[in-house]
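Colleague: What follows is a single structure, and I will ask about it in a moment.
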Amino acid sequence: MDPEGTTVAAARRRRPLGLLLSLPLWCAPLALLPIACDPAGSESIARPYWPRSSHQAYGHSLAQARLSETALGREWLAAAERALASPVSVELAFAAEERFEAAAASAWGYGITGRAGQRLAVEVRATAAERVEIFVDLFRLDAGRPVHVASAAPSPPGAAVLAEQRIEWQVLEPTDYIVRVQPELLRTGTVQVTLRAEPLLAFPVTGLDTHAIQSGFGAERDGGARAHRGVDIFAARGTDAVAAVDGWVTRVDSTRRGGNVVWLQPIFGDLRLYYAHLDTQLVEAGQFVRRGDVIGKVGNTGNAATTPPHLHFGVYVRPAGRRGGATDPVFFLRASQ
């Protein structure tokens with residue numbers, strides 16, 4: 001083999017590694033990590049690395065700077081794993097203040113149970129003498145294994161102080177979660193952690209609450225031939241029926257059973273909201289509405305003609321890849337059951 005050719009080939013193999021090690025820490029997540037061989041030749045193919053979260057990007061930057069081979073770097077990675085393996089079980093609402101030191105690696109894991117119809121809110125704020133990055137991640141437990149589902153947005157580049165880190169997550173089915181909070185290395189300070197659950201939906205009739213529900217989910221209909229797949233909220237004719245969440249109007253129709261109906265899809269998907277027996281409809285299919293926008297007026301159209309005016313409100317959960325179906329709306333209108 002030509003010695004010069006061997007030298008050139010070797011240089012080609014060394015060049016990506018040399019470039020990688022010369023990168024500053026902040027741009028390491030943009031490095032070209034996986035190297036694959038081209039089956040048609042001897043050239044290597046560099047593929048871009050896209051981290052799923054700022055925590056993963058930071059861990060990758062430690063590895064690229066060889067800091068993960070130091071005792072403190074190894075401890076930071078181990079602390080992250082311990083937080084997931086042995087979280088502290090807490091009840092919502094929960095608040096804590098945690099202290100971290102520059103000489104040690106810290107991470108905290110909190111195990112929480114999400115109930116159907118809740119919005120989980122995670123808020124973390126740091127107090128430190130200098131800017132510090134705090135990594136906040138949410139994991140769903142799948143057969144006991146933590147699966148990453150969401151992360152707080154990283155701090156804006158150049159920000160002098162760390163803004164509040166926040167995650168909001170919609171729970172459509174009962175699920176156990178772990179919240180992991182971990183500061184970057186070589187910083188000292190405290191973090192205030194707040195975890196709470198909120199109703200996922202606003203009440204769909206203006207001025208009322210769950211006390212106005214007089215016919216619940218699952219009640220018999222047509223002499224037991226079918227079950228009630230929603231709740232009936234009684235109100236004066238013409239009372240505003242409002243969007244329970246931000247979303248799109250997917251259907252405006254008139255049917256024999258529901259009368260004047262409106263279907264609404266929240267922006268996070270996997271859910272459909274059904275408004276029936278409306279006296280009038282005030283939206284059009286394809287329209288985007290905000291939480292609290294009026295979409296119609298309470299009435300008794302359809303098969304409710306012999307009953308006092310009310311809104312039939314239905315919640316249909318439709319997880320990706322599964323059929324799903326009607327769910328008790330009460331779970332979505334209050335934070336806990």
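Colleague: Ignoring ligands, DNA and RNA, please state the percent of accessible area on the range 168-217 from carbon and sulfur, probe 1.4 Å.
Modeller: 50
Colleague: Normalising by the residue count of the range 76-193, find the relative contact order in percent from Cα pairs under 8 Å and 6+ residues apart.
Modeller: 41
Colleague: Roughly how big is the range 225-337's charge dipole about its Cα centre, with Cβ charges of +1 (Lys, Arg) and -1 (Asp, Glu), in debye to the nearest 20?
Modeller: Dipole of the range 225-337, to the nearest 20 debye: 380 debye.
Colleague: Take peptides 112-124, 284-296, 256-268 and line them up by average Cβ neighbours within 10 Å, highest first, as a rough protection proxy.
Modeller: Per-residue mean Cβ counts within 10 Å order the peptides as 112-124, 256-268, 284-296.
The values are calculated or read from the model by the stated rules, or taken from the named source; none is laboratory data. What you are looking at is a predicted structure, and each value in this text was computed from that prediction instead of being measured. Note that we place each Cβ from the backbone using ideal geometry, even for glycine, and neighbour counts take in every protein chain shown. SASA here: full protein model, heavy atoms, side chains in, ligands and nucleic acids out. Shrake-Rupley method; radii C 1.70, N 1.55, O 1.52, S 1.80 Å.
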